[in-house]
Structures are given as structure tokens and as C-alpha cells.
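Student: What follows is a single structure, and I will ask about it in a moment.
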Amino acid sequence: MTAPSSDILETFDNPCPDRRYIIETVAPEFTSVCPITGQPDFGTITITYIADRKCFELKSLKLYLQQYRNHGAFYEHVTNLILDHLVQVTQPHWMRIQAAFTPRGGIRTSVTAEHGQAPTETF
């Protein structure tokens with residue numbers, strides 16, 4: 001299984017770089033593979049961020065996330081790797097990745113990872 005690459009991620013210039021605003025993107029059909037059992041893991045990835053100069057393009061995000069379908073990794077690693085890759089290409093003021101995986105064996109797991117200072121103002 002090959003590791004997902006951030007090379008597929010594309011960005012575009014933030015149309016309002018002088019304003020701090022929150023962007024939220026939800027990918028409800030995320031799939032990765034359990035590294036121990038080889039069984040698929042299903043979940044919802046929610047990406048919330050305050051862009052600086054760059055935003056990520058959605059089609060490239062979809063293609064990027066599809067790389068995880070054949071990637072064996074634990075939930076914690078998957079969540080942090082997605083955060084690392086998106087931060088690498090966008091350099092946001094702040095970003096949060098929330099990965100909510102569907103229950104397996106009666107146990108549900110959610111992982112949240114953040115980059116930067118969380119916003120304190122109310123949006």
C-alpha cells in the first residue's frame with residue numbers, strides 16, 4: 001500500500017485574504033484501511049480552517065482523500081497526516097481536522113487534530 005501524497009492537492013488564492021472567515025468542508029464518505037485486519041474503515045472528515053493566502057481546491061481534495069482507500073493506517077495517523085498535508089499546501093492561520101469513524105465492534109472513535117491558534121471571536 002502506497003502512502004498518500006500531498007502532491008495531488010491544488011490551491012487557489014484566497015479571494016478575501018484581509019478578512020478572517022471560517023471555511024468548513026465535510027467529506028462524509030471517507031475510507032481507509034485498518035493496518036491490522038485489512039478491513040475498510042469508514043468515516044466523516046470535517047476540515048475547518050481560517051485561510052491565509054491559499055485555499056484548497058475541492059476536486060483535488062476529493063482525489064487526495066481517495067488515496068486513503070488503499071492505505072493502511074490507524075485513525076490517529078490518518079487524521080494527523082491529512083492535517084499535515086493540508087497545512088503544508090495552504091499555510092492557514094488555523095486548521096482543525098475532525099475524523100469521526102463509524103462504529104466497529106460496538107466502538108466509535110473520533111480524532112481531532114489542530115494547527116495554529118483556534119479562533120476566539122464568534123462567527
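The values are calculated or read from the model by the stated rules, or taken from the named source; none is laboratory data. Bear in mind the structure is a predicted one, so any value in this text is a computation, not a measurement. Neighbour counts run over all protein chains shown; Cβ positions are idealised from the backbone, glycine included.
Student: Quickly run through segment 85-123 and pick out the residues that are of a type in the set (A, V, I, L, M, F, W, C), under 20 Å from residue 28 (Cα atoms) and more than 17 Å from the chain's Cα centre (by Cα).
Tutor: Within segment 85-123, 107 is the sole residue that qualifies.
Let's see how each residue does on (1) over 22 Å from residue 17 (Cβ atoms); (2) crowded, with 17+ Cβ neighbours inside 10 Å:
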position: 45; (1), (2): yes, yes
position: 49; (1), (2): no, yes
position: 62; (1), (2): yes, no
position: 68; (1), (2): yes, yes
position: 74; (1), (2): yes, no
position: 85; (1), (2): no, yes
position: 96; (1), (2): no, yes
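Student: Is there any pair linking a residue in segment 65-92 that is in contact (Cβ under 8 Å) with a residue 24 or more places away in the chain and more than 20 Å from residue 10 (Cβ to Cβ) to one that is in a helix (DSSP H, G or I) and of a type in the set (Ser, Thr, Tyr), with Cβ under 7 Å and at least six apart or on different chains, and which?
Tutor: Short answer, once both residue conditions are applied: 78/68.
Student: Cβ contacts < 7 Å: first residue closer than 19 Å to residue 84 by Cα and in contact (Cβ under 8 Å) with a residue 24 or more places away in the chain, restricted to segment 1-20; second residue of a type in the set (Phe, Trp, Tyr) and surrounded by 10 or more Cβ atoms within 10 Å (Cβ to Cβ), any location; separation 6+ or different chain. Result?
Tutor: What qualifies is 4/64; 4/68; 8/64; 9/56; 9/64; 11/56.
Student: Determine whether residue 109 is more than 22 Å from residue 2 (Cβ to Cβ), surrounded by 15 or more Cβ atoms within 10 Å (Cβ to Cβ) and in contact with an Asp or Glu (Cβ under 8 Å, 6 or more places away or on another chain).
Tutor: In short, no.
Student: So which residues in segment 1-52 are among the aromatic types (Phe, Trp, Tyr) and in a strand (DSSP E or B), if there are any at all?
Tutor: From segment 1-52, those among the aromatic types (Phe, Trp, Tyr) are 12, 21, 30, 42, 49; that's our starting set.
Within segment 1-52, 12, 30, 42, 49 meet the criteria.
Student: List pairs: first in segment 101-123 and farther than 17 Å from residue 47 by Cα and in contact (Cβ under 8 Å) with a residue 40 or more places away in the chain, second surrounded by 15 or more Cβ atoms within 10 Å (Cβ to Cβ) and of a type in the set (D, E, K, R), Cβ under 8 Å, 6+ apart or cross-chain?
Tutor: What qualifies is 102/41; 104/41.
Student: Still on this model: Mind counting the residues in segment 63-95 that are of a type outside the set (Ser, Thr, Tyr) and closer than 11 Å to residue 45 by Cβ?
Tutor: Narrowing segment 63-95 to residues of a type outside the set (Ser, Thr, Tyr): 63, 65-67, 69-74, 76-78, 80-89, 91-95.
Checking which are closer than 11 Å to residue 45 by Cβ leaves us with 65, 78, 82-83, 86.
Selection size over segment 63-95: 5.
Student: Another question, then. Hey, among the residues in segment 13-41 that are surrounded by 15 or more Cβ atoms within 10 Å (Cβ to Cβ), hydrophobic (A, V, I, L, M, F, W, C) and within 16 Å of residue 76 (Cα to Cα), which one's modelled with the highest pLDDT?
Tutor: Checking each candidate, the answer is 30.
Student: Tally up the residues in segment 4-32 that are of a type in the set (A, V, I, L, M, F, W, C) and in contact with a Leu (Cβ under 8 Å, 6 or more places away or on another chain), please.
Tutor: Number satisfying all stated conditions: 4.
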